[in-house]
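Visitor: Here you go, one structure.
No lab work stands behind these numbers, since they all come straight from the coordinates. Quick caveat, the model's predicted, so the values are computed rather than measured. For neighbour counting, all protein chains shown are included, and Cβ atoms are generated from backbone atoms with ideal geometry for every residue, glycine included.
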Amino acid sequence: MKYLVTEIQTFENGAISNPTYAYDTENVALSKFFSILSAAATSKLPIHACMLFTNSGVVLRSEYFTHQEETT
């Protein structure tokens with residue numbers, strides 16, 4: 001089984017970037033997952049997300065941060 005980590009970056013203009021990384025073990029994939037989330041927590045992007053899933057499509061974890069300014 002392979003473990004995939006996809007970073008989902010949403011830019012101000014609505015464009016999306018989604019690099020994906022493949023790993024042989026879940027623990028190494030988790031390390032990448034949390035590394036991405038660490039950066040996403042303080043990102044300047046409006047939405048910065050990450051998913052960990054298997055090559056059979058089973059989602060194991062998914063988290064996101066929003067940094068959009070609130071309108072009053």
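Visitor: To the nearest 10 degrees, how steeply does helix 26-41 sit against the main Cα axis of the chain, on a 0 to 90 scale?
Guide: Here the helix axis deviates by roughly 10 degrees.
Visitor: Which residue, 60, 28, 10, has the largest displacement toward the positive end of the dipole of the chain when charges sit on each Cβ (Lys, Arg +1; Asp, Glu -1)?
Guide: In the chain, that residue is 28.
Visitor: Let me ask something else about it. Under a Cβ-only charge scheme (Lys and Arg +1, Asp and Glu -1), can you give me the dipole magnitude of the chain about the Cα centre, in debye to the nearest 20?
Guide: On the way: 4 positive and 7 negative charges, 43 e Å.
So the dipole magnitude of the chain works out to roughly 200 debye.
Visitor: Where in the range 12-45 are there chymotrypsin sites (Phe, Trp or Tyr not before Pro) that are in a DSSP coil and have at most 12 other Cβ atoms within 10 angstrom of their Cβ? If you can, show how the numbers build up before the last one.
Guide: Working: sites: 21, 23, 33, 34; in loops: none.
Hits after loop and neighbour filter: nothing returned.
Visitor: Right, something else. For a protection proxy built on the mean count of beta-carbon atoms within 10 angstrom, sort 43-52, 57-66 highest first, please.
Guide: Most protected by this proxy first, the peptides run 43-52, 57-66.
Visitor: Something else now. Quick one: what do you get for the chain if you divide its Cα Rg by 2.2 N^0.38 Å? Before the final figure, lay out each step's value.
Guide: Numbers: Rg = 13.1 Å, N = 72, 2.2 N^0.38 = 11.2 Å.
Compared with the compact-globule rule of thumb, the chain sits at 1.17.
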